[in-house]
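Asker: The following block contains the structure, expressed as structure tokens.
FYI, it's all coordinate maths here, none of it is from the lab. Note that the structure is a prediction, hence the values are computed from the model and not measured. As a convention, Cβ positions derive from the backbone with ideal geometry for all residues, glycine included, and neighbour counts pool all protein chains shown.
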Amino acid sequence: MVKFEVPDMTCGHCVSTVEKAIKAADPHASAKIDLGTKTVSVETKMGSEVIQASIADAGYSPSLMK
Ligand SMILES: [Cu+2]
């Protein structure tokens, strides 16, 4: 599982945009997005940088959490 902090994710619309970006990078991914803590957990076989790049392309600033 990879986890990102996405501080500029502020509403339900952001959540669905980020979700779409993750699915675009990996259609088999399952994502759990917590708007309260602005964190995104992704179950994926893709590299974290692939998911991160796709979220960034959607206009957000994800940083990888360890
Ligand atoms: Cu929003």
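Asker: Looking at the range 19-45, which of the residues that are surrounded by fewer than 16 Cβ atoms within 10 Å (Cβ to Cβ) and in a loop (DSSP other than H, G, I, E, B) is farthest from the ligand (Cβ to nearest atom)? Before the answer, list the steps.
Answerer: Keep residues of the range 19-45 that are surrounded by fewer than 16 Cβ atoms within 10 Å (Cβ to Cβ), which gives 20, 23-24, 27-28, 30, 32, 34-37, 41, 43, 45.
If we keep only those that are in a loop (DSSP other than H, G, I, E, B) too, we end up with 27-28, 35-37, 45.
Working: Pro27: 23, His28: 25, Leu35: 9, Gly36: 14, Thr37: 16, Lys45: 28 Å.
Only one residue fits best here, namely Lys45.
Asker: Polar (S, T, N, Q) and away from the ligand (no atom under 16 Å from the Cβ): which single residue out of Ser16, Ser61, Ser54 fits that description?
Answerer: Working: Ser16 fails: away from the ligand (no atom under 16 Å from the Cβ); Ser61 fails: away from the ligand (no atom under 16 Å from the Cβ).
Residue meeting the stated conditions: Ser54.
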